[in-house]
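First up is the structure itself, then whatever we jot down about it.
Rule-based calculations on the coordinates, nothing more; no lab input. These numbers come from a predicted model, not from an experiment. Heads up, the Cβs are rebuilt from the backbone with ideal geometry, glycines too, and the neighbour counts pull from every protein chain shown.
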Amino acid sequence: MSTSLYERQAKAALEERSKLIAELRTVEADSKLTAAEKRERVERIDRDVMRLEAEARDAIERGERESEVRSLAERAGSFLTPGNTMRDDSESFRALMPSLNEYRALIAEGTPGAGGYTVPEKVSAQYADILKAQSTFLRALPAANVLTFNSDMLQVPQLTESDGEDYVAEGAELPEGTMTWSSLSFPAKKIGRIQWASSEILEDSALDLRNIIGQNLLRDASLRFDADAFNGALTDPVKGILAQGTTTSLEAGKATVTYDDVADACARVEAMNGSPSVVWASTDMGAALRKEKASGSGEYQGGSPTGSPASTAWGLPVMVSGFLPAKTVVVADASRLFVGIRRNASIKISEDARFTSDQVGFKLTMRVAGVGVAEASSVQVIKAAAS
């Protein structure tokens, strides 16, 4: 398979991805759909987007690897062939030692010792889906706000101020407007971890340890990202939304956040033309909202405990995160939050690094690039009183 074919495969995948992004925006703008229908369609489209990104990246990497191997084969042939001439043999590069990926392709996919359960091409796309599903923060963001880029730094232009509009008399000269621009900066930072397992335990375990190790690595990566996305300081490489939002502290005696406080925060977002779309709550405040009762009747505000658990507040999804500090609730317009992704989470397996001790290595790496908040008013942080 030639490199040009790999390039065509990558181009086709990216073109399909662009169509899905356009479809995603159409779904988000469709007022006829309910919030639940939108979430379902957005999640489905987003899974396809991540899959196509992985396919395009894989095609590009395969083309680059084969190009390198062919180049080596040509140089080797120039010395081994009399007269320094190369035979016109498109498969001559196969005479070289096969790469690890090529070697595995010759082994039965279902053989555990060959990595058959983790080697298939679609695994990386599934990994990206799982990472997003497990990240409490990423689940709330529109797919279009997860920005991919191809350098160590991403700059997103930001309009911070504009003026000049005014009433104009007939025949009068129009006033000149001014615009002030800045940018949101996203430096790429790597999250990584490696896990070793002996070939014996992989072979003898009654569990599919290869898959379990991969899932654990992904879970830990999503937890690491969520911790920074919520709590990162303004001086940290990955800035969190708590440091960039607007904080309202409840008066003494108000030790829990109520639905009334959530309603007030929604109003503050809307006052600056925002559209509240998600409520994040710390573990204690998420429980308090679910247990809040109406005065007089004593009925649960979030619905009967024998029915579905309370998962919305004022029509917004309520997501509980253990990374939010105690007594904290956040109401946000997720469309005004941006995350940079330099490289999606990927897991690679090596049976060579510890060849002499017969161990298999599982390596997860991803590069994320901060969380940007377009304006502080789009993230309303509510802090309950200590007592």
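Order of 312-320, 168-176, 213-221, 31-39 by packing, highest average Cβ count within 10 Å first?
So the order, starting with the most tightly packed, is 213-221, 312-320, 31-39, 168-176.
Points 7 angstrom from Cα along the Cβ direction at T306 and R193: gap in nanometres?
4.2
If the cut-off is a Cα-Cα distance under 17 Å, which aspartates and glutamates reach K38, setting aside same-chain residues fewer than 8 apart in sequence?
E23, E28, D30, D46, D48, D333
Please list 3J(HN,Hα) in residue order for the range 249-258, calculated via the Karplus relation 6.51 cos²θ - 1.76 cosθ + 1.60 where θ = phi - 60°; whole Hz, with x for glycine and proline.
9, 6, 5, 4, x, 9, 8, 9, 8, 10
Name all residues of the range 349-385 having a backbone nitrogen under 18 Å from the label point set 7 Å from the Cα of I201 along its Cα→Cβ direction, giving them as ranges.
Those under the cut-off are 349-364.
Within the set K32/K327; K189/K348; K291/K383; K239/K293, which residue pairs have Cα atoms separated by over 27 Å?
K32/K327; K239/K293
Count neighbours as other Cβ atoms within 10 Å of each site's Cβ, and list the GluC sites (Glu not before Pro) in the range 247-316 that are DSSP loop with at most 14 such neighbours.
Listed in order of number, the matching sites are E251, E299.
Within the set of other residues whose C-beta is less than 12 Å from the C-beta of G274, count the net charge using Lys and Arg as +1 and Asp and Glu as -1.
Once positives and negatives cancel, what remains is -1.
So what's the range 205-296 giving for Cα Rg divided by 2.2 N^0.38 Å, two decimals?
1.51
What is the extension gain from T235 to A353, computed as 0.36 nm multiplied by their sequence separation minus the C-alpha to C-alpha distance, in nm to one decimal?
Extending this stretch completely gives an extra 38.8 nm.
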